[in-house]
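Here is the structure we will look at, set down as structure tokens.
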Amino acid sequence: KVEVLPDPAEPVTAKTNEVTKVDPAEGASVTLDTAITVYYASGMGEVPSFKGLTKDEVVAFGKNKGFTKFDFTEAESTQTPGTVIEQTPGVGSNVKRSTTINLVLAKAPVTPPSVTPTATPSVTPTVP
């Protein structure tokens, strides 16, 4: 009997549907009635938190977790400029590792230029 199951500990580098492991191990001598389990990569992964990371940190951390597709935008924020303040899909979502993760990086709010009030000329009444 052969059973095919998704690998619960699949490597993040495994491609979808790739065989990751066989039990009993490859090369083992077994009897004809021995159950054989073939494990495969589902290509799925749990989205980690990227909040607070810079763009470079996101790319390195994401690659380590099996994610390599990112789309970055910016939004004004009081958070440290250049760090992630929002992400979609959310933390803990189970998605295909080929999914593009959308990240919003903080940028400093635009401060309006300070306006120096102009002095109003005073009028001195003239006495005839």
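The values are calculated or read from the model by the stated rules, or taken from the named source; none is laboratory data. Source: prediction; values computed, not measured. Methodologically, a virtual Cβ is constructed for each residue, glycine included, from the backbone with ideal geometry; neighbour enumeration extends over all protein chains shown. Just so you know, the surface numbers come from the protein's heavy atoms only, side chains and all, with ligands and any DNA or RNA stripped out. Shrake-Rupley method; radii C 1.70, N 1.55, O 1.52, S 1.80 Å.
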Karplus (6.51, -1.76, 1.60) ³J(HN,Hα), θ = phi - 60°, over the range 3-18, in Hz, Gly and Pro reported as x: 10, 10, 9, x, 6, x, 10, 4, x, 5, 8, 5, 7, 3, 6, 6
Reachable aspartates and glutamates, given that their alpha-carbon falls under 17 Å from the alpha-carbon of Lys65 and they are not under 8 places away in the same chain: Asp7, Glu10, Glu46, Asp56, Glu57
Environment charge of Gly90, counting only residues whose C-beta is closer than 13 Å and scoring Lys/Arg +1, Asp/Glu -1: -1
Cut-off under 5 Å, modelled amide H: who pairs with Lys51 long-range: none
The chain: antiparallel DSSP beta bridges as a percent of all, rounded to 5: 50
Label corresponding to Rg/Rh (Cα atoms, Kirkwood Rh) when calculated from the structure given, among [x] 1.53; [y] 1.11; [z] 1.04: [x]
Placed amide H near Thr20: partners under 5 Å, 5+ positions off or other chain: Tyr39, Tyr40, Ala41
Carbon and sulfur %, accessible surface of the chain computed with the full protein complex present, 1.4 Å: 56
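For the range 1-60, report the accessible area per residue in Å² (1.4 Å probe, heavy atoms, rounded to an integer).
Accessible area per residue: 70 Å².
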Approximate spin-label separation Thr13-Thr88, in nm, with each point projected 7 Å along Cα-to-Cβ: 3.3
